Every structure is written in structure tokens, then in C-alpha cells.
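The values are calculated or read from the model by the stated rules, or taken from the named source; none is laboratory data. Values in this document were obtained by computation on a predicted structure and should not be read as measured data. All Cβ positions, even for glycine, are placed from backbone atoms using ideal geometry, and neighbour counts span all protein chains on display.
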């Protein structure tokens with residue numbers, strides 16, 4: 001099964017949910033570990049950046065697609081690269097602290 005793309009429109013909707021309006025940047029925390037993530041909505045693109053300005057944070061499906069989670073904005077949260085990669089297709093209840 002091919003993973004569906006997270007579109008720019010979806011990224012913008014997630015940014016709005018976290019209070020970042022067009023033309024703004026906003027600091028938020030990784031949904032899992034609290035690491036700094038910067039949302040940038042300057043220009044036409046919505047980007048999720050780490051503290052050094054690199055495009056490393058990702059949007060994660062809280063309920064994994066593998067387990068029937070939906071590919072909708074309500075199921076997406078910002079996560080740092082290491083948290084998203086270590087979580088993989090597991091549900092939150094399956095992750096060890």
C-alpha cells in the first residue's frame with residue numbers, strides 16, 4: 001500500500017490548529033517528547049522546522065494508517081524526527097516510555 005501524501009493544504013490546517021496564521025512563525029513542542037518545533041508560514045509554504053531551521057520535524061498520524069487510522073488533519077500532529085521514526089506504525093499505547 002502506498003502512503004498518501006501530506007499536502008501543503010493539510011500542513012497549513014495543522015499549523016492553524018496550533019495557532020500559526022499565514023505570515024507568522026510559531027514555536028511549539030513535539031507532540032511526544034516536547035522538543036522545540038518551529039512552524040513557518042512565510043510565503044506560500046507551511047514548514048515544520050527544528051531549532052536550527054532544518055526541515056526535519058514531521059507530521060505523524062497519531063492513529064497509524066497501518067491500523068486503520070484516517071489520513072485526515074485531525075489525525076496529524078507535529079513530531080520530531082526521532083519520535084516519529086521510533087514510533088513507527090505502533091499505537092501510542094504500544095510505545096514504551
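Note on segment 80-89: residues that are surrounded by 15 or more Cβ atoms within 10 Å (Cβ to Cβ) and outside any loop (DSSP other than H, G, I, E, B) total 4.
Evaluate segment 3-22: report whether one residue or more is touching a helix residue (DSSP H, G or I) at 6+ places or on another chain (Cβ under 6 Å) and not in a helix (DSSP H, G or I). Within segment 3-22, not a single residue is touching a helix residue (DSSP H, G or I) at 6+ places or on another chain (Cβ under 6 Å) and not in a helix (DSSP H, G or I). Against the conditions (1) outside any loop (DSSP other than H, G, I, E, B); (2) within 10 Å of the chain's Cα centre (by Cα); (3) without any contact (Cβ under 8 Å) to a residue 60 or more places away in the chain, residue 77 satisfies every one except (3).
Here's a check for you: in segment 1-38, which residue that is free of Cβ contacts under 8 Å to residues at least 40 places away in the same chain and within 12 Å of residue 59 (Cβ to Cβ) is surrounded by the most Cβ atoms within 10 Å (Cβ to Cβ)? Checking each candidate, the answer is 15.
Residues in segment 48-66 that are touching a strand residue (DSSP E or B) at 6+ places or on another chain (Cβ under 8 Å) and in contact (Cβ under 8 Å) with a residue 12 or more places away in the chain: how many? Can you show your working first?
Of segment 48-66, the ones touching a strand residue (DSSP E or B) at 6+ places or on another chain (Cβ under 8 Å) are 48-51, 53, 55-62.
Among the residues that remain, those that are also in contact (Cβ under 8 Å) with a residue 12 or more places away in the chain are: 48-51, 53, 56-62.
Going through segment 48-66 one residue at a time, the tally reaches 12.
For segment 44-74, filtered to residues that are assigned to a loop (DSSP other than H, G, I, E, B), out of contact with any helix residue (DSSP H, G or I) (no Cβ under 7 Å at 6 or more places or on another chain) and closer than 19 Å to residue 3 by Cβ, the residue that is modelled with the lowest pLDDT is 55.
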